[in-house]
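Asks: Take this structure, written in structure tokens, and hold onto it; I'll ask about it next.
We did not get these values from a lab; they are worked out from the coordinates using the rules stated. Small disclaimer: the values here were computed from a predicted structure and weren't measured. Cβ sites come from the backbone with ideal geometry, for glycine too, and all protein chains shown count toward neighbours.
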Amino acid sequence: MRISTDQIQELNHNGESQHRRQFQFLQEELQKKGIDTETVIRKLQDFQVAVPSWALGAGGTRFGRFSYGGEPANLEEKIKDVGLIHALTQSAGAISLHIPWDIPGDPEVIMKLAAREGLVFDAMNSNTFQDQPSFAPINIGAPDGRQEQHSYKFGSLCHTDRSIRVNAVDHNKEVIDIGVSLGSKSLTVWLADGSSFPGQLNFRKALDRSLDSLREIYAYMPSDWKLFIEYKPYEPYFYSTVIQDWGTSHLLAGECGKNAYCLVDLGHHLPNTNIEQIVATLLWRGKLGGFHFNDSKYGDDDLTVGSIKPYQLFLIFNELVNVPGHNPTPAWMIDASHNLKDPLEDLMQSLEAIRLAYAQALIVDQGALETARNANDVSLCQEILQGSYRTDLRPLLKEARIRSGGALDPIGIYRRLEVRDALIAERGLKTVATGL
């Protein structure tokens, strides 16, 4: 199914007069504060967030998975679903693939399909946290000559068995090759390796082996590519994770080379971690490469962006709006799991929350804030930040969307056009998207 610009414009017509009144009022109020609304709108139009291929179906839990119906059964259908989201929001102009869940059969055909939907390919994502069907038996050297399968059960890039490390490195090289064929320019490595019991893992040797593996992957990348090293404090292991925090990620990235960076996932922190300070530190060092947006109450909950901690999201963007010249523009991506909602609606809600936090950060008077900081005027600092955060900028977001050809009310139009029903009619109730 495709949604045409004509359909969107026709459905926009009913709400346009009300939007014009709201937008004009907001524009006048912002102009009184010296804010150039046209600049903010242009930045919102340019701001694009990648949708991950694995987020287009219903997510799962340790206890079960409940399909939503009409899920995309292959990569082509996933690209079309991202195209639907982009047509409505005009802010999802990229898709991020996970290999081996979404290996393209014919990269040239896939690239043409993506281009038709207005999409490019963002960072590629490797998978060394699940055993693959292609793993061949290996002789483990036991006296009885028994064999075992290659397995990531006890690690991948850090594994004590070199043959398994080689397998994991080769997989990442394959992902790079696929990415090159699609025009991608970056690889994200999330290393699930770790331990669940004290004494199980030699921490220093595990780090040393991981670094050797990452260096080999980094050396294989084209010179214009970036390596994003993701961190996570726990899960699937619960005693230790090899790359457990931003500091370890930063150390490994620095050892790999100038095109290796840290990737921050909002859910990959212990409760109440000051993520905005981590972001600021990585920007200071020029090592913030990518960002995965989601939200959480307890841990890696992968909830809709902005659904739990919207003020934290704003504070993070207050650091991100002024990326220093020695740090590349980060790669933006949603990384969520949709267990209860229509996945496409959930993604549209996340895109709106991200753009809203970005817009709120753009109207912060950074000069006044810095003056208040230098004067140690703590109350004024809070007033400046919360004044921007509490300003309803949704009319600006709508204006940016309709100027780009998107919908005034993406979810409203999605429902009026009965998109989910059309997808179910086209694909059936029993299709299951590849992924988590």
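Asks: For the range 234-349, what is the percent of antiparallel DSSP beta bridges, rounded to the nearest 5?
Replies: Percentage antiparallel, nearest 5: 10.
Asks: Can I ask one more? If amide H atoms are built 1.01 Å from N in the plane of the peptide, which residues on other chains or at least 5 residues away come under 5 Å of the amide H of Asp265?
Replies: Tyr231, His292
Asks: Scan around Asn74 for amide H atoms under 5 Å from its own, H built in the peptide plane at 1.01 Å from N, and keep only partners 5 or more places away or cross-chain.
Replies: Here the answer is none, since no amide H 5 or more places off falls under 5 Å of that of Asn74.
Asks: I want to check the label-to-label distance for Gln382 and Gln9. Put each point 7 Å from Cα in the C-beta direction and report it in nm to one decimal.
Replies: Distance between label points: 5.0 nm.
Asks: On a full-extension model of 0.36 nm per residue, what is the gain between Glu16 and Phe238, subtracting their alpha-carbon distance, rounded to one decimal in nm?
Replies: Gain on stretching Glu16 to Phe238: 74.7 nm.
Asks: Right, next: Taking the chain as the reference, fit the longest principal axis to its C-alpha atoms, fit the long axis of helix 275-285 to the helix C-alpha atoms, and give the angle between the two in degrees, 0 to 90, nearest 10.
Replies: Tilt of helix 275-285: around 80 degrees.
Asks: Identify, among Val264, Ala331, Ile384, the residue whose Cα sits farthest towards the positive end of the charge dipole of the chain, taking +1 on the Cβ of Lys and Arg and -1 on the Cβ of Asp and Glu, with the dipole about the Cα centre.
Replies: Ile384
Asks: Give the lysines whose C-alpha is closer than 20 Å to that of Lys80, dropping any in the same chain fewer than 8 places away, or say none.
Replies: Cross-link targets: Lys112, Lys341, Lys430.
Asks: Now for a different question. Sort out for me the Cα centre separation of the range 333-383 from the range 168-239, rounded to whole Å.
Replies: A separation of 30 Å, based on Cα centres.
Asks: Is there a pair in Lys185/Lys297; Lys258/Lys297; Lys232/Lys258; Lys287/Lys309 whose C-alpha atoms are over 29 Å apart, and which pairs would that be?
Replies: Exceeds cut-off: Lys185/Lys297; Lys258/Lys297.
Asks: Taking Cα centroids, how far is the range 267-299 from the range 8-85 in Å?
Replies: Between the Cα centres of the range 267-299 and the range 8-85 lies a distance of 23 Å.
Asks: Classify the range 251-388 as rounded, prolate or oblate, taking a ≥ b ≥ c as the square roots of the eigenvalues of its Cα gyration tensor: rounded when a/c is under 1.5, otherwise prolate if a/b is larger than b/c and oblate if not.
Replies: oblate
Asks: Count the DSSP beta bridges whose two residues both fall in the range 5-427, then state the antiparallel fraction as a percent rounded to the nearest 5.
Replies: 20
Asks: Let me ask another. Expected output is a single nm value to one decimal: the length gained when fully extending between Ser163 and Phe203, i.e. 0.36 nm times separation in residues minus the C-alpha distance. What is it?
Replies: Between Ser163 and Phe203, full extension yields 12.4 nm more.
Asks: At R0 = 22 Å, how high is the FRET efficiency between Glu255 and Trp284 if r is their beta carbon distance? Nearest 0.05 is fine.
Replies: The value I calculate is 0.70.
Asks: Students often forget the sequence filter, so: which aspartates and glutamates lie under 15 Å Cα-Cα from Lys43 once same-chain residues fewer than 8 apart are removed?
Replies: Glu352, Glu399
Asks: Moving to a separate point now. Please compute the contact order of the chain in relative form: average sequence separation of alpha-carbon pairs under 8 Å and at least six residues apart, divided by the residue count, as a percent.
Replies: In percent, rounded to a whole number, it is 23.
Asks: Okay, moving on. Counting Lys and Arg as +1 and Asp and Glu as -1, each charge on the Cβ, what is the dipole of the range 5-427 about the Cα centre in debye, to the nearest 20?
Replies: In total the dipole reaches around 520 debye.
Asks: At 222 nm, what helix-only mean residue ellipticity would the chain give, in deg cm²/dmol to the nearest 500, using -39500 (n - 2.57) for each DSSP H run of four or more?
Replies: Dividing the helical sum by the residues of the chain leaves -15000 deg cm²/dmol.
Asks: Additional query: What residue among Asn274, Asn127, Asn339 shows peak mean-square fluctuation when the chain is described by a Gaussian network model with Cα springs under 10 Å?
Replies: Result for the chain, Cα springs under 10 Å: Asn274 fluctuates most.
Asks: Which of rounded, prolate or oblate describes the range 135-277 when judged by the alpha-carbon gyration tensor and an a/c cut-off of 1.5?
Replies: Oblate is the answer for the range 135-277, as a/c is 1.5 or above yet b/c matches or exceeds a/b.
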